[in-house]
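So the structure is just underneath, and the comments pick up after that.
The values are calculated or read from the model by the stated rules, or taken from the named source; none is laboratory data. No experiment lies behind these values; they were computed from the predicted model shown. Glycine also receives a Cβ, built like all others from the backbone with ideal geometry; neighbour counts cover every protein chain displayed. For accessibility, only protein heavy atoms count, side chains too; no ligands or nucleic acids. Shrake-Rupley method; radii C 1.70, N 1.55, O 1.52, S 1.80 Å.
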Amino acid sequence: MYVPRFRNDIRILNILSTVLKTGVTPSASGSAYLELESSKSPNSNTPGLASLSTSGLKLTCTVHGPRPLPKSAPFSPHIILSAHVKYAPFATRKRRGYLRDASERDLGVHLETALRGVIIGDRWPKSGVEVIITILEGEEDQWWGDERARGAVTSGEWGMMSVLSGCITVASAAITDAGIDCVDVVSGGVAAVVKGGTLVLDPVPSEHQEILAASVVAYLPARDEITDLWVKGDIGHSDQSASYEELADNAVQAALGSHRVLVAALKETADIKMGR
């Protein structure tokens, strides 16, 4: 499924493409693949490197279940949801280990929180469902070919915010593919405040000199509800600074853009299954 996405701020309007496809893993109850085309470095003067990408996002998600819990497990009137997020060793420039680290566990906790408010859990008592996401390529905090970016502060790990947004969207597609009843189709969105007080939807960390704060939401458009909210950073207190409410509102707008992509992909999958 190919749908154009827009990233913009006051100065830049970039058109990016999103690929979202379900049913990519036949052995799983449900599965999905999400790819956000990486952008081109706008500020590189290095010969031969100008056409290289700054970063991109590629995620796969598999859903296993609902299936009965072991007989030894205590009775639960609701479905037991577990979410696991893992970077592939080659997903970022800094090679990842095979065991989950703290950042991956944080992503898993946020993803589980976002999905708990979506699944109608009382329809599967004493059952469990497992959502597993593998990050094949993650957003980078800086472009590796830009010498000027090497002096920038990268300890914020702002790329995690875009990764979580993608995880929420691809998990929603996989859960729908698995036929699990939900109150709505949830989608992820991220917004950031960059240096100068500009609000940016779907920010690319490597394209900005400094990110002051960022917000990720898991949003249900039909119910106008947020099932997960993660805000990171310090906006500041000047008159020209954006507020945290504005930051969250812009993240919701980004989530609405992801929702349109998600719905279009699910409709295409339904048409294929029904032979239209």
Item to complete: Describe numerically, in nm with one decimal, the distance between label points set 7 Å from Cα along Cα→Cβ at Leu256 and at Asp101.
Response: 3.7
Worksheet item: What is the Cα centroid distance between the stretch 80-123 and the stretch 174-253, reported in whole angstrom?
Response: 18
Worksheet item: If you stretched the chain out fully between Lys195 and Val183, how much longer would it get, using 0.36 nm times the residue separation minus the C-alpha to C-alpha distance?
Response: 0.5 nm
Worksheet item: How big is the equivalent ellipsoid of the stretch 68-117 along its three axes, where each semi-axis is √(5λ) from the Cα gyration tensor, reported in whole Å from largest to smallest?
Response: 29, 13, 7
Worksheet item: For the stretch 200-276, which whole percent of the accessible surface, found with a 1.4 angstrom probe, sits on carbon and sulfur atoms?
Response: 48
Worksheet entry | Dimensions (Å) - the stretch 194-276, Cα atoms, principal axes, largest first | 57, 29, 17
Worksheet item: Using a basic spin-label model with each label point 7 Å from the Cα along Cα→Cβ, how many nm lie between Thr134 and Glu37?
Response: 2.5
Response to the item:
Stretched fully, the stretch from Ala264 through Ser243 gains (0.36 nm per residue minus C-alpha distance, one decimal, in nm) 4.3 nm
Response to the item:
Once normalised by the length of the stretch 71-143, the mean sequence separation of its alpha carbon contacts under 8 Å that are 6 or more apart gives a contact order in percent of 55
Discussion item. Please compare each pair in Lys21/Lys273; Lys86/Lys267; Lys71/Lys126; Lys21/Lys58 to a cut-off of 18 Å on the Cα-Cα distance and tell me which ones are over it.
Written reply: Lys86/Lys267
